[in-house]
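**Student:** One structure is given below, represented as structure tokens, and several questions about it will come after.
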Amino acid sequence: MKKIAFILCAVALAAVAIVSSCKKEEKQENTPEGVVKTFYKYFTKGDIDNAFMYLDVDDETRASLKGMWAENKETTNYPVEYKVLGSSIDYAADTATVTVWRKLKDGTEQDNYVHKLNKRDGKWLIDFTTK
């Protein structure tokens, strides 16, 4: 009986730890910096489907971008490393900027690359229409 109680406690603690870490990640993702970090996390691993979910575009544009990516991936000089340098939020306009350092596939480094974000339905998304 003590073994069963011990196992149940261990399972409960593991479940609490998993739920806590998930909530922390969700909370981080819904900040401008968190969204940009998550976008790059997926993008640099080649997970375009998940990365492009963080772009402020309609479904048709997203599908078109995925198609263009598939056709041009080998010749595109895309980011392979990144680091968020800072951010600012305009709460009145529901916009933000996040500045990153990024290293491209060819080794070129870009300092102070700025992403603009828009808040849509309570979620921060990267504005793909501007640099």
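**Student:** Which of the residues belonging to the stretch 54-63 are surrounded by 12 or more Cβ atoms within 10 Å (Cβ to Cβ) and either among the polar types (S, T, N, Q) or part of a loop (DSSP other than H, G, I, E, B) (or both)?
**Tutor:** Scanning the stretch 54-63 gives ASP56, VAL57, THR61.
**Student:** Just one of the numbered conditions (1) surrounded by 14 or more Cβ atoms within 10 Å (Cβ to Cβ); (2) more than 18 Å from the chain's Cα centre (by Cα); (3) under 14 Å from TYR40 (Cβ atoms); (4) of a type outside the set (Asp, Glu) is not true of GLN110; which one?
**Tutor:** Looking at each condition in turn, GLN110 falls short on (1).
**Student:** Within the stretch 88-131, track down each residue that is aromatic (Phe, Trp, Tyr) and under 20 Å from VAL57 (Cβ atoms).
**Tutor:** Residues satisfying the conditions are TYR113, TRP124, PHE128.
**Student:** Looking at TYR82, TYR91, which is the one that is free of Cβ contacts under 8 Å to residues at least 12 places away in the same chain and either surrounded by fewer than 10 Cβ atoms within 10 Å (Cβ to Cβ) or closer than 15 Å to GLU33 by Cα (or both)?
**Tutor:** Step by step, each of TYR82, TYR91 is checked, and only TYR91 is free of Cβ contacts under 8 Å to residues at least 12 places away in the same chain and either surrounded by fewer than 10 Cβ atoms within 10 Å (Cβ to Cβ) or closer than 15 Å to GLU33 by Cα (or both).
**Student:** Grab the strands (runs of 3 or more DSSP E) fully contained in the stretch 64-131, keeping just those with 2 or more residues being of a type in the set (D, E, K, R).
**Tutor:** 79-90, 95-104, 109-120
Read-outs throughout are calculated quantities, based only on the coordinates presented, and are distinct from any laboratory measurement. This one's a predicted model, so the numbers in the text were calculated from it and none came from an experiment. Glycine gets a Cβ as well: all are built from the backbone with ideal geometry, and neighbour counts include every protein chain shown.
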